[in-house]
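One structure is given here, and the rest of the page talks about it.
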Amino acid sequence: MTEAPIESTSTFATPDHVLARNVGNEAVLLQLELEEYFGLDPVGRLGWELLTAGHDIGGAARLISEEYDVSAERAQSDLVGFAGQLLKAGLLIHVA
Amino acid sequence: MKIVRRIIRHLTEIGVWRSVRTLVLLRQNRRSLQKNGFTATVEAMNLGDVFGHPTTSSTKDDIDEAAKTVRAAHAIGRRINATCLPQSLTACAMLRRDGVESRIRVGVARPSPDEPVSAHAWIEIGGTCIGENPLGTYHPFDGEQMNQAIRALTKERP
């Protein structure tokens with residue numbers, strides 16, 4: 001099955017088998033299906049929180065660019081790569 | 001001689017029957033975790049929602065007695081190289097079979113960004129950590145969410 005491409009309007013959700021826990025200003029994700037832990041640095045944590053809160057890639061990128069003083073284009077490109085990694089690890093579901 | 005004294009002290013403190021039950025169950029749980037994985041092991045143990053909030057309150061006597069079971073799981077687990085997860089599953093199973101409401105907590109720590117995530121499992125009764133207090137180091141996952149995740153994976157399994 002081919003994965004749908006990630007676009008600026010793409011939205012995501014958390015799979016049932018993934019749990020998140022904030023640890024300081026970072027986050028740890030537990031992927032229970034694979035029984036693996038993943039650490040997210042503060043930027044990754046913000047990206048994860050925005051994407052799983054229902055923001056699309058474009059909206060999340062705009063908020064990250066405001067928070068971290070990077071261009072929205074750069075934030076979006078990084079976020080597309082980040083979402084791709086999370087999808088591959090079974091930490092996100094592509095909703096639309 | 002020193003080893004014999006330690007074994008006698010352990011058996012006196014923990015009890016022979018508790019030690020035997022612990023050893024048998026620990027070996028079984030360790031093997032199941034290695035062979036079948038975490039969710040299948042929890043499911044097969046048929047203990048219900050092992051990560052959820054216990055509903056009944058426990059007395060000091062319950063907690064003192066529970067601490068002996070947890071100490072047995074820790075002590076025997078260390079000797080047979082069983083990690084905190086089979087130790088906690090074993091202690092939780094024994095306590096629940098004895099009618100003591102206990103739950104397993106799973107927590108994570110990340111000492112620095114360069115170090116890998118470390119995880120730990122322990123036993124809690126009525127909000128009290130039994131046999132250790134890892135809350136200063138480990139941040140526990142939400143128990144109800146863990147139960148839901150296990151249930152979701154169990155449903156998906158063919």
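Where a number appears in this text, it was derived from the coordinates with a stated rule and is not lab data. Source: prediction; values computed, not measured. Cβ placement follows ideal geometry from the backbone for every residue including glycine, while neighbour counts extend to all protein chains displayed.
Table for the structure above
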| item | result |
| --- | --- |
| B:Ile3 versus A:Val80: modelled label distance in nm, points set 7 Å from Cα along the beta carbon direction | 6.4 |
| Residue-averaged 222 nm ellipticity for chain B, from DSSP H runs of 4+ at -39500 (n - 2.57), nearest 500 | -18500 deg cm²/dmol |
| Burial ordering of B:Thr41, B:Thr154, fewest other beta-carbon atoms within 10 Å first | B:Thr154, B:Thr41 |
| Fewest-first sequence of A:Glu33, B:Glu115 by Cβ atoms within 10 Å of each Cβ | B:Glu115, A:Glu33 |
| Full-stretch length increase - A:Glu73, A:Glu36 - with 0.36 nm per residue and alpha-carbon distance subtracted | 10.2 nm |
| Cα long-axis angle, helix B:2-14 against chain B (0 to 90 degrees, to the nearest 10) | 70 |
| Cα gyration tensor, chain A - rounded (a/c under 1.5), prolate or oblate | oblate |
| Among A:Ser10, A:Leu29, A:Gly59 - extreme Cα towards positive end, dipole of segment A:3-71, charges at beta-carbon | A:Gly59 |
| Segment B:57-158, relative contact order [Cα under 8 Å, separation at least 6], % | 25 |
| Contact order normalised by residue count of chain A, Cα under 8 Å, 6+ apart, percent | 36 |
| Inter-label distance for B:Lys68 and B:Thr83, nm, one decimal - labels placed 7 Å from Cα along Cα-to-Cβ | 3.1 |
| Spin-label model distance (nm) - B:Asn133 vs A:Ser8, 7 Å beyond Cα toward Cβ | 5.3 |
| Given charges at beta-carbon only (K, R positive; D, E negative), |dipole| of the protein assembly as shown in Debye | 2060 |
| Exposure proxy ranking, count of Cβ atoms within 10 Å, fewest first, for B:Ser112, A:Ser71, B:Ser19, A:Ser10 | B:Ser112, A:Ser71, B:Ser19, A:Ser10 |
| Electrostatic dipole magnitude of chain A [Cβ: Lys, Arg +1; Asp, Glu -1; Cα centre; debye, to 20] | 40 |
| Chain A, helix-only ellipticity at 222 nm - DSSP H runs n ≥ 4, -39,500 (n - 2.57), divided by all residues, nearest 500 | -13500 deg cm²/dmol |
